[in-house]
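Right, one structure below, let's go through it.
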Amino acid sequence: MCLAVPSEIVSINDLMATIDVNGARRDISLMLLPEEAQVGDFVIVHAGFAIQKIDREAGQEALRLIKELVESEEFKAEYME
């Protein structure tokens, strides 16, 4: 199973960007993104590539839901033990 993670762009250098997901930062490629990205944009990242820009509110909501899932007792019982 693959999970594309919504991430906020915090810096851009040519076709590379630094993204932030809940304080974790990572460098990713913008090479596959069909439109121009700017600092502050939310993008969906898969395998180190931004593949789609998304609405800021949608990105924040998706991150909230992922966090809620990971913190749930059901998730912890299934995947953390």
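See the values below:
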quantity	calculated
Within region 50-81, considering residues that are in contact with a strand residue (DSSP E or B) (Cβ under 6 Å, 6 or more places away or on another chain) and not in a strand (DSSP E or B), the one surrounded by the most Cβ atoms within 10 Å (Cβ to Cβ)	Gly59
Test set (1) more than 17 Å from Ile66 (Cβ to Cβ); (2) touching a Leu at 6+ places or on another chain (Cβ under 8 Å) - Pro34 fails condition number	(2)
Breaking point among (1) more than 30 Å from Glu71 (Cα to Cα); (2) under 10 Å from the mean Cα position of the chain (by Cα), for Pro6	(1)
Subset of region 1-49 (residues that are surrounded by fewer than 15 Cβ atoms within 10 Å (Cβ to Cβ), of a type in the set (S, T, N, Q) and free of Cβ contacts under 8 Å to residues at least 12 places away in the same chain)	Asn13
Selection within region 1-49 - in a loop (DSSP other than H, G, I, E, B) and polar (S, T, N, Q)	Asn22, Gln38
Residue match in region 22-41 (condition: of a type in the set (S, T, N, Q) and in contact with a Lys or Arg (Cβ under 9 Å, 6 or more places away or on another chain))	yes
Matching entry among Ala4, Ala58, Ala62 (being touching a His at 6+ places or on another chain (Cβ under 6 Å) and either small (Gly, Ala, Ser) or at pLDDT below 95 (or both))	Ala4
Flag for Glu73 being of a type in the set (Asp, Glu), under 12 Å from the mean Cα position of the chain (by Cα) and at pLDDT below 95	no
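The values are calculated or read from the model by the stated rules, or taken from the named source; none is laboratory data. As the structure is a computational prediction, the values presented were derived from the model and not from experiment. Cβ sites come from the backbone with ideal geometry, for glycine too, and all protein chains shown count toward neighbours.
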